[in-house]
Amino acid sequence: MTDLAQLESQILADVAAAGDEAALEAVRVAALGKKGSISALLATLGKMSPDERKTQGAAINLAKDKVTQALSARRDILKSAALDARLASETIDVTLPLREAPAEAGRIHPLSQVFEEVNTIFADMGFAIAEGPDIETDDYNFTKLNFPEGHPAREMHDTFFFNLGEDGSRMLLRTHTSPVQVRTMLTQKPPIRVVCPGRTYRIDSDATHTPQFHQVEGLVIDKGSHLGHLKWILHEFCKAFFEVDHINMRFRPSFFPFTEPSLEVDIQCRRDKGEIRFGEGEDWLEILGCGMVHPNVLRACGIDPDVYQGFAWGMGIDRIAMLKYGIADLRQLFENDVRWLSHYGFKPLDIPTLAGGLST
């Protein structure tokens with residue numbers, strides 16, 4: 001009995017000293033496992049006489065019950081302590097505001113938004129979207145567009161040219177998206193109705209010009225195309241893009257190598273306190289260039305100018321984005337400033353639609 005009392009006392013001391021649940025489990029196995037010390041004592045009862053079994057059995061089972069209760073109590077204490085430690089290390093301040101979801105925090109760049117707005121408007125008019133490579137041939141970028149030899153645009157100070165090829169030709173970074181019109185006319189038969197948005201490159205850099213910028217051009221080739229159609233398309237586009245019910249436009253004679261006649265387009269606006277509002281006022285702002293496709297361009301692209309005629313226009317996407325959303329400096333569009341993007345950017349799920357509003 002003295003040995004049993006010492007064993008019980010030692011086991012209870014081990015239980016009290018267990019610092020975590022793993023240590024407590026080791027004490028339990030050592031005492032109550034198949035080969036545990038108390039289990040071993042219980043196994044000797046079969047060899048005892050009935051009187052000894054009665055006395056010893058009661059004492060051993062009482063010791064087992066005490067150890068079991070001590071284990072259970074210690075386990076509860078350790079679980080509670082572990083939970084307190086976890087809560088202390090994973091504290092959440094419920095007074096802090098919720099973090100924005102990625103779809104709310106992220107922003108679409110104004111240029112990407114305006115690309116979608118422009119494409120949405122022209123797609124509603126029945127235009128297809130045409131694309132082409134940024135690296136073009138001199139032939140597609142200049143020659144087939146009726147640029148004469150010696151034209152300033154062909155000079156090194158205006159255009160990014162690559163080194164001469166083995167055959168004497170030289171590639172370049174396209175200066176406009178007009179080569180996409182050339183590629184379309186060479187691969188498709190009229191009638192043709194396409195818009196050509198994309199990146200363009202010129203050696204120019206200041207507050208209103210960057211070496212790389214964006215353009216969208218449009219092309220219509222058909223047997224009965226005329227300036228009246230062109231004016232209607234541009235008028236409807238400007239109304240939809242600037243989201244006004246009406247806007248006055250004026251067309252001024254101009255010159256471009258690839259159109260004849262050529263026109264500059266101004267739109268009605270009002271300048272007030274550093275803002276420009278469209279569809280009202282008595283001021284005018286130049287917005288784009290356009291004209292009837294030059295017969296030489298049609299011939300160069302395999303289209304008979306005696307059967308077909310067409311019109312084309314082009315405008316800077318960066319420019320109309322700045323005008324619509326009040327961006328003062330073109331260079332800000334390329335600075336990758338997250339604060340600027342948070343101010344001028346658009347939520348990813350605010351997809352422009354003509355029914356719901358382009359910029360709502």
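The values are calculated or read from the model by the stated rules, or taken from the named source; none is laboratory data. As the structure is a computational prediction, the values presented were derived from the model and not from experiment. Positions of Cβ are generated from backbone atoms using ideal geometry, with glycine treated the same way; all protein chains shown enter the neighbour counts. Side chains are part of the model used for accessible areas, which takes the heavy atoms of the whole protein and leaves out ligands, DNA and RNA. Shrake-Rupley method; radii C 1.70, N 1.55, O 1.52, S 1.80 Å.
Put simply, the stretch 141-268 fits an ellipsoid with semi-axes of 29, 20, 14 Å; these come from the alpha carbon gyration tensor as the roots of five times its eigenvalues, largest first. Among Trp232, Trp340, the sequence by solvent-accessible area, most first, with a 1.4 Å probe is Trp232, Trp340. The candidates Lys35, Lys231, arranged from most to least accessible area with a 1.4 Å probe in the full protein assembly, appear as Lys35, Lys231. Here the Karplus curve 6.51 cos²θ - 1.76 cosθ + 1.60, taken at θ = phi - 60°, turns the phi angles of the stretch 223-234 into couplings of 6, x, 5, 8, 5, x, 4, 4, 4, 5, 4, 5 Hz, with x standing for Gly and Pro. Compared with the dominant Cα axis of the chain, that is its longest principal axis, helix 2-17 is turned about 20°. For Gln309, the shell of other residues with beta-carbons less than 11 Å away shows a net charge of -3, using +1 for Lys and Arg and -1 for Asp and Glu. Surface exposure of the stretch 3-130, expressed per residue as accessible area with a 1.4 Å probe, stands at 65 Å². Working from Cα pairs under 8 Å separated by at least six residues, relative contact order for the stretch 256-360 is 19 percent.
Keeping to pairs on different chains or 8 or more places apart, tell me how many lysine pairs in the stretch 155-275 have Cα atoms under 23 Å apart.
On the way: Lys189/Lys223; Lys223/Lys231; Lys231/Lys239; Lys239/Lys273.
So the count works out to 4.
The HN-Hα couplings worked out from phi for the stretch 123-139 by the Karplus form 6.51 cos²θ - 1.76 cosθ + 1.60 (θ = phi - 60°) are 4, 5, 7, x, 8, 8, 9, 10, 10, x, x, 6, 8, 10, 8, 4, 5 Hz, whole numbers, x standing for Gly and Pro.
Here the Karplus curve 6.51 cos²θ - 1.76 cosθ + 1.60, taken at θ = phi - 60°, turns the phi angles of the stretch 164-176 into couplings of 4, x, 5, 8, x, 7, 9, 8, 8, 7, 4, 8, 7 Hz, with x standing for Gly and Pro.
Among DSSP beta bridges whose residues both lie in the chain, state the antiparallel percentage, nearest 5. Restricted to the chain, the bridges split so that about 95 percent are antiparallel.
The chain gives an Rg/Rh value of 1.51, both radii derived from C-alpha positions and Rh following Kirkwood. Once the Cα-Cα distance is subtracted from the 0.36 nm per residue extended length, the Asp138 to Trp284 segment shows a gain of 49.0 nm. Here's the list of lysines a cross-link from Lys66 could span, going by alpha-carbon distance under 25 Å and ignoring same-chain residues fewer than 8 apart: Lys34, Lys35, Lys47, Lys54, Lys79.
For the chain, the fraction of 1.4 Å probe accessible surface lying on carbon and sulfur atoms is 53 percent.
Two numbers describe the Cα atoms of the stretch 176-226: Rg and Dmax, which are 13.9, 42 Å. Once all protein chains are placed together, Thr68 keeps about 60 Å² accessible to a 1.4 angstrom probe.
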